[in-house]
Amino acid sequence: MSLAEATDLSPFTHRHSDGTASMEFAVEGINCGGCIGRIEKSLKQLSGVDDARLNFTNRRLTIAWTDPHFDPSQAVETLARMGYRAHPFRQRASEEYEAQEAQSLLRYLAVAGFAAMNIMLLSVSVWSGNVTDITPETRDLFHWLSAAIALPAAAYAGQPFFRSALSALRVRQVNMDVPISLGILLALGMSLVETANHTEHAYFDSAVMLIFFLLCGRYLDQAMRRRTRAVAGNLAALKAEFAHRLLESGEVVRIPASAVHVNDRLLIRPGERIPADGVVVGGQSHVDESLVTGETAPRMAEAGATLYAGSINLAGAITLRVTAAGHNTLLDEIDRLLDKAVKDKSRYVQLADRAARYYAPVVHTAAAATFVGWMLAGQSTHFAIITAISVLIITCPCALALAIPAVQVVAAGTLFRSGIFLNAGNAIERLAEVDTIVFDKTGTLTLPEPCVVNAGEIDTLLLDHAARLALSSRHPLAGALARYRGQREPFPDVAEEPGQGIRTTFEGKEMRLGSAAFCGLSVPQELTDRYPGASLIAFRHGNREAVLAIHQALRPDAAETVRALAAQGITLSILSGDRAAAVEPVARDLGITDWRAGLNPAEKVAMLFGLKARGRHVLMVGDGINDAPSLASADVSMSPITAADISQAQADAVFVSDRLEPVLQAVVMARKARRLMRENLWLAAVYNAFAVPIAMAGFVTPLIAAAAMSGSSLLVTLNALRARTLRQRPVERESAPAREVTA
């Protein structure tokens, strides 16, 4: 019974409103970037399939079709014939498979390393004995002991290469693992023949060392790819599970959010998350849309205002008429943009994959030409085979396999020590190509938490009293004030007047915090002129009074980092969902002339694609949920550790700092790492340019070939260690507090 017959895939099929259907698969057995083209090409040839996209990073395949008669099990069978195992994508199952794959590689590596060490001990005895007084019987014993260790070790540890090679050969294709497997098997087979004929040399050590070095490269590469496997499903945390529907009779009924329909009237109570997009038809309140749209200040929602699913109602009850529900809300649009961007981004081809495309045919041609040439020259079959094996071993891609992952791991460690965590193995290569950086404003160029930007003009004791009273309010401005001063103990007997503020009595005097009218104050025109766009909150204690301007401050080193990035030849822009009045002063203070405000997620993505269409390599730096599609759409992306979970999941790197300097450090290190990667590839190429002709000429035995191969691997590893240091143009350190944003 076939897999298609045994498995009902209909529950995993997604039906869309435009008549299309799609399904996601987790695909096992993908080892190189070349698998992307082979799989997509084969599946697109299936009758009924409109599109097939494979994400190499997370091994996730998406197939789309419109033909109602298409059965997705055909795709499973096609992949099975190609040597790949596919099953419906389940997040937990995918994570478990990746963990198992990492453990398997580590076991293979341990076995190969242990076997290589023991065989090398025996080989050293044979080598030294061949030039002294070893007896043939003792040498044969050591060779057979080596065989007893090498054969089972190679059979076990070589499985990743053997399986991959067989999968490629089944579909009459060749990948990097074919010459690797061929070299291993020929070296082991010839060693058995040589041992049985009592010759001086056997090459069990060469075969096992070959497996060990290749497994090192594969494990390092897999470890980098496995750094993160977060998915866009984190958006579900923003979606309300239930809604309160208002019936014509005025009765309120509680329903699942999935049962909400267009034109329904919903009651949104204070503190609730809005379950669908809609228009306010009754009541008024302040709404926090910061995670959804990027707007920093709470927005007044009154009749006629448009609200989005995922926003939080902060104050009064409102009535909402639903305009978009189900899979048509802004959150779902973000989800779709995100999914498309991730698939497009996964098509990036790494340096190692580009080099590997030409490797297999060159190696096969060289080995075959060596064998045929020596046979035509009249040499024995034994000599021709030994020489061909030497060519296969000496050209083995150990140096190529280590060239990129070794630099990646060392550079990632250096960035880690600088507080930068990489989420993608190829992030370093993509960072190195950056010539344009696009910043979000809120929480990226500015600190994530608002602060009192005119604190220096207010008496400290008065400010502390205001912050302590603010602890008793749920208003976001009050919360920002309390956090800014670090207050923990609220005043007792605090009363709240909805929509106005809070009050209490302290030291025999009334204390009020809230609107200017509530506190009996007038806002100085000088204050609004100096801090345009800032949110104002008034405070009075007896006859002492103050008006606090609350806004987000620039990161301490933002201006210096921006100047240093510009000095690197990088073009800088700001794309923000915030108001123009809040974005313009930030851009002015930082000297960034190219900025846009009031953008929704789709507009941000469109502008990024416009930059990429003009040949720009874009780094996006953002933190909000509305930035997630942009982060995925850019060539490479970064987020601060304070970013929303979904944004951190889509970012290629996350930095832990209140400073902006990590963005500069990441670019500088990436450019250095790319230079080292290219040097490593050139070292491997030069090594082969000298070694292959010598091996083809018959001057190299498999033993010498293995030693030369090991030497080239050691050379590229030592060169990779140069990425342990990060030197850059210093960024001026400010001892003063965070700079104020005059907005």
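The values are calculated or read from the model by the stated rules, or taken from the named source; none is laboratory data. What you are looking at is a predicted structure, and each value in this text was computed from that prediction instead of being measured. Please note: Cβ atoms are built from the backbone with ideal geometry, for glycine as well, and neighbour counts cover all protein chains shown.
Residue pairs, Cβ under 6 Å, 6 or more apart or interchain, first in region 708-724 and in a helix (DSSP H, G or I), second of a type in the set (Phe, Trp, Tyr) and at pLDDT 70 or above. List them.
Taking only residues 6 or more apart or on different chains, the pairs are 712/687; 713/213.
Output the residues belonging to region 658-678 that are over 17 Å from residue 412 (Cβ atoms) and not aliphatic (A, V, I, L, M).
Residues satisfying the conditions are 658, 659, 661, 678.
Suppose the filter is in contact (Cβ under 8 Å) with a residue 24 or more places away in the chain, surrounded by fewer than 20 Cβ atoms within 10 Å (Cβ to Cβ), part of a helix (DSSP H, G or I) and in the same structural domain as residue 538 (by TED's automatic domain parsing); does residue 474 pass it?
In short, no.
So if I check each of 656, 692, 686, which one is β-branched (Val, Ile, Thr), modelled with pLDDT under 85 and assigned by TED's automatic domain parsing to the domain that holds residue 431?
Just a single option satisfies the conditions, and that option is 656.
If you scan region 529-542, which residues turn out to be at pLDDT 80 or above, surrounded by fewer than 17 Cβ atoms within 10 Å (Cβ to Cβ) and within 15 Å of residue 457 (Cβ to Cβ)?
Scanning region 529-542 gives no hits.
When only residues in region 477-498 that are in contact (Cβ under 8 Å) with a residue 12 or more places away in the chain and over 43 Å from the mean Cα position of the chain (by Cα) count, which is nearest to residue 301 (Cα to Cα)?
498
Return yes when residue 563 is outside the structural domain of residue 465 (by TED's automatic domain parsing) and surrounded by fewer than 20 Cβ atoms within 10 Å (Cβ to Cβ) and no when it is not.
yes
Taking only region 422-462 into account, find how many residues are polar (S, T, N, Q) and either at pLDDT below 80 or surrounded by fewer than 17 Cβ atoms within 10 Å (Cβ to Cβ) (or both).
Count: 4.
Of (1) at pLDDT below 80; (2) surrounded by 16 or more Cβ atoms within 10 Å (Cβ to Cβ); (3) in contact with an Asp or Glu (Cβ under 8 Å, 6 or more places away or on another chain); (4) not small (Gly, Ala, Ser), residue 273 satisfies all except one. Which?
(3)
Can you pull out the residues in region 158-177 that are surrounded by fewer than 20 Cβ atoms within 10 Å (Cβ to Cβ) and either closer than 23 Å to residue 116 by Cβ or at pLDDT 85 or above (or both)?
Listed by number, the residues that qualify are 159, 162, 163.
Going by the structure shown, is residue 615 in a loop (DSSP other than H, G, I, E, B) and either under 22 Å from residue 535 (Cβ atoms) or not assigned by TED's automatic domain parsing to the domain that holds residue 666 (or both)?
It is false that residue 615 is in a loop (DSSP other than H, G, I, E, B) and either under 22 Å from residue 535 (Cβ atoms) or not assigned by TED's automatic domain parsing to the domain that holds residue 666 (or both).
Of all residues being within 28 Å of residue 495 (Cβ to Cβ) and hydroxyl-bearing (Ser, Thr, Tyr) in region 513-567, which is nearest to the chain's Cα centre (by Cα)? Just the residue, please.
Of everything passing the filter in region 513-567, 535 is nearest to the chain's Cα centre (by Cα).
Does residue 565 satisfy the condition of being part of a helix (DSSP H, G or I), modelled with pLDDT of 90 or more and not β-branched (Val, Ile, Thr)?
Criteria met by residue 565.
Residue check: is residue 669 within 18 Å of the chain's Cα centre (by Cα), hydrophobic (A, V, I, L, M, F, W, C), modelled with pLDDT of 85 or more and under 30 Å from residue 452 (Cβ atoms)?
For residue 669, the condition - within 18 Å of the chain's Cα centre (by Cα), hydrophobic (A, V, I, L, M, F, W, C), modelled with pLDDT of 85 or more and under 30 Å from residue 452 (Cβ atoms) - is not met.
Please verify whether residue 647 is modelled with pLDDT under 85 and part of a loop (DSSP other than H, G, I, E, B), treating the condition exactly as stated.
Against the criterion (modelled with pLDDT under 85 and part of a loop (DSSP other than H, G, I, E, B)), residue 647 does not qualify.
Yes/no matrix, rows are residues, columns are (1) out of contact with any helix residue (DSSP H, G or I) (no Cβ under 9 Å at 6 or more places or on another chain); (2) under 25 Å from residue 624 (Cα atoms); (3) in contact (Cβ under 8 Å) with a residue 24 or more places away in the chain:
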residue: 248; (1), (2), (3): yes, no, no
residue: 260; (1), (2), (3): yes, no, yes
residue: 264; (1), (2), (3): yes, no, yes
residue: 267; (1), (2), (3): yes, no, yes
residue: 276; (1), (2), (3): no, yes, yes
residue: 285; (1), (2), (3): yes, yes, yes
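Checking residue 440 against (1) of a type outside the set (A, V, I, L, M); (2) in contact (Cβ under 8 Å) with a residue 12 or more places away in the chain; (3) assigned by TED's automatic domain parsing to the domain that holds residue 529: exactly one of these is not met. Which one?
(3)
In region 503-528, what residues are surrounded by 11 or more Cβ atoms within 10 Å (Cβ to Cβ) and of a type in the set (D, E, K, R)?
503, 509, 510, 512, listed by residue number.
So how many residues does region 588-597 have that are within 17 Å of residue 611 (Cβ to Cβ) and not aromatic (Phe, Trp, Tyr)?
Within region 588-597, residues that are within 17 Å of residue 611 (Cβ to Cβ) and not aromatic (Phe, Trp, Tyr) number 4.
Collect the residues in region 496-513 that are part of a loop (DSSP other than H, G, I, E, B) and of a type outside the set (D, E, K, R), keeping them in residue-number order.
498, 499, 500, 508
Please go through (1) among the basic types (Lys, Arg); (2) assigned by TED's automatic domain parsing to the domain that holds residue 523; (3) at pLDDT below 90 for residue 579 and return the number of the only condition it doesn't satisfy.
Answer for residue 579: the failing condition is (2).
For region 126-149, what are the residues that are surrounded by 12 or more Cβ atoms within 10 Å (Cβ to Cβ) and at pLDDT below 85?
Across region 126-149, the qualifying residues are 126, 127, 129, 130, 134.
Please go through region 656-705 and give me each residue that is hydroxyl-bearing (Ser, Thr, Tyr) and under 25 Å from residue 372 (Cα atoms), ordered by number.
Correct list: 687, 701.
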